[in-house]
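Have a look at the structure below, then the notes.
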Amino acid sequence: MIEILILYQLCKKIGEILRGKNRGPTGYQVLLVLIWFGTEFFSAIAASIVYMIMYGQKEQPPLLVIYAAALPTAALAVWLYFVILKNLPQKAVEPQN
């Protein structure tokens, strides 16, 4: 639940950044959500594989360990996404006839 609230605030922040650059924020906001959950998903799989290699496949990895690995990687991916968005150039405004 708290992740949804964090993503909501991050989407609002992306909207502010991109509107200041004369860009539409909707596609970038959808991409933010996909980056967050995609990174969490794949890093959880990677953490599970590493855990099972280290401790044997007989033992199921604890969810807290998996989540503790997935959350920071998702936060890092979103931080990198924000760095990229902040460095986007200003979009020129086309004159309307």
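Each reported figure results from applying straightforward, stated rules to the coordinates on display, with no laboratory input. Please read all numbers here as calculations on a predicted model, not as lab measurements. We place every Cβ from the backbone using ideal geometry, glycine too, and count neighbours over all the protein chains shown.
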- Note on the stretch 7-36: residues under 19 Å from the mean Cα position of the chain (by Cα) and exposed (fewer than 14 other Cβ atoms within 10 Å of the Cβ) are Tyr8, Gln9, Lys12, Glu16, Gly24, Thr26, Gly27, Val30, Leu34
- Does Tyr55 qualify as being more than 19 Å from the chain's Cα centre (by Cα) and either under 30 Å from Pro95 (Cα atoms) or not aliphatic (A, V, I, L, M) (or both)? yes
- Task: Output the residue which, of all residues in the stretch 59-96 that are farther than 17 Å from Val33 by Cα and among the small types (Gly, Ala, Ser), is surrounded by the most Cβ atoms within 10 Å (Cβ to Cβ).
- Result: Ala69
